[in-house]
Each structure stands twice: as C-alpha cells, then as structure tokens.
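The values are calculated or read from the model by the stated rules, or taken from the named source; none is laboratory data. Since we're looking at a predicted model, the values are computed, not measured. Cβ sites come from the backbone with ideal geometry, for glycine too, and all protein chains shown count toward neighbours.
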Amino acid sequence: MKVLIVDDDKNILNLLKLYLKDNKFDVIESRNGEEAFRIVLKEKPDIAIIDGLIPGIHGFELCKKIKKEPSLTPKPKIIIMSSVYKGIKYELEAKKDFLAEEYLAKPFKKNDLLSKIESLLR
C-alpha cells in the first residue's frame with residue numbers, strides 16, 4: 001500500500017513517515033503542492049495525506065485537482081489535515097467542496113490517523 005504524505009513541516013513529515021512505516025506502508029513524501037501533484041501522477045499512491053497549508057498549490061486545492069484529474073484512475077483516497085482550519089465547518093468543506101474522503105485536525109493521535117486510513121482501505 002503506497003501512501004503520499006504532503007506537509008511543509010519536516011517534523012510532521014518524519015512523524016507520519018514513522019507511523020506509516022511501522023504499519024508496513026510504502027511512504028512517499030513531498031513538501032509542496034506542485035511536487036506532490038507530479039508525484040501523484042507518476043507514483044499513483046493509494047492514499048494521500050495532505051496538509052491544508054502547503055507552499056505552491058494550497059492543500060485543499062491540491063485535493064480537488066487530484067480528484068478532478070481525468071488521467072488518474074483509480075483516484076487516491078485523500079485525508080486533509082490541518083492545524084489552522086479546525087472545526088466541523090472545515091471538515092465539511094474539505095469533504096464536500098474539495099472532495100477529500102477524510103479530515104484530520106492537528107495535533108492528532110496516531111490511532112486516529114491509522115483508523116482513518118484503515119476505514120479508507122475497506
């Protein structure tokens with residue numbers, strides 16, 4: 001199972017990478033939206049975990065761009081995470097307007113992240 005993580009915070013990237021590798025996921029990482037989009041097109045990850053605020057293409061817009069890209073089949077499942085955009089309003093927007101399957105507020109617990117991933121894989 002291939003997972004792309006996109007965050008401009010190196011500490012968050014390392015933490016996510018540790019969590020995911022401990023659970024036997026193949027991990028690809030990116031620190032900005034443009035690079036992440038190129039990676040998605042090339043690597044076709046099963047899941048993308050995208051921070052809402054990243055340089056280049058904004059995380060929410062990146063999610064929508066991935067979901068609307070006609071050459072991507074199947075589309076990766078996407079989890080948007082954010083420490084700035086918190087609350088039900090942003091969770092609903094992430095899912096309805098930007099087409100994410102899941103939303104995760106930072107700081108998050110390892111088990112919350114893993115259970116969201118597991119639910120997406122069912």
Practice item. Report, by residue number, each residue of segment 77-122 that is more than 13 Å from the chain's Cα centre (by Cα), of a type in the set (Val, Ile, Thr) and part of a helix (DSSP H, G or I). Key: Ile88
Check your understanding: Residues in segment 43-62: is at least one out of contact with any Ser or Thr (no Cβ under 7 Å at 6 or more places or on another chain), under 24 Å from Arg122 (Cβ atoms) and among the small types (Gly, Ala, Ser)?
Key -> yes
Review point. Quick check: is even one residue across segment 26-42 on the phi > 0 side of the Ramachandran plot and of a type outside the set (A, V, I, L, M)?
Key: no
**Study point:** Qualifying residues in segment 6-22 (those that are among the basic types (Lys, Arg) and under 18 Å from Gly59 (Cβ atoms)) - the one surrounded by the fewest Cβ atoms within 10 Å (Cβ to Cβ)
**Key:** Lys10
Review point. Which of the residues that make up segment 3-35 are basic (Lys, Arg) and either within 21 Å of Leu53 (Cβ to Cβ) or free of Cβ contacts under 8 Å to residues at least 12 places away in the same chain (or both)?
Key: Lys10, Lys17, Lys21, Arg31
Revision key, fill the gap. Residue pairs qualifying under the 6 Å Cβ cut-off, at least six apart or on distinct chains, with the first in segment 82-105 being within 15 Å of Ile66 (Cα to Cα) and the second being modelled with pLDDT of 95 or more and among the charged types (D, E, K, R), are Phe98/Lys64; Leu99/Lys64; Leu99/Lys67; Glu101/Lys77; Glu102/Lys116
Review point. Taking Ala94 and the conditions (1) farther than 21 Å from Leu15 by Cα; (2) crowded, with 20+ Cβ neighbours inside 10 Å; (3) in contact with an Asp or Glu (Cβ under 6 Å, 6 or more places away or on another chain), which numbered condition does it fall short on, given that it satisfies the others?
Key: (3)
Point to revise | Residue identified as buried (at least 17 other Cβ atoms within 10 Å of the Cβ), of a type outside the set (Lys, Arg) and under 13 Å from the mean Cα position of the chain (by Cα) among Phe37, Phe25 | key: Phe37
Exercise for review: Hey, can you tell me all the residues within segment 55-76 that are outside any helix (DSSP H, G or I) and exposed (fewer than 15 other Cβ atoms within 10 Å of the Cβ)?
Suggested key: Pro55, Glu69, Pro70, Ser71, Leu72, Thr73, Pro74
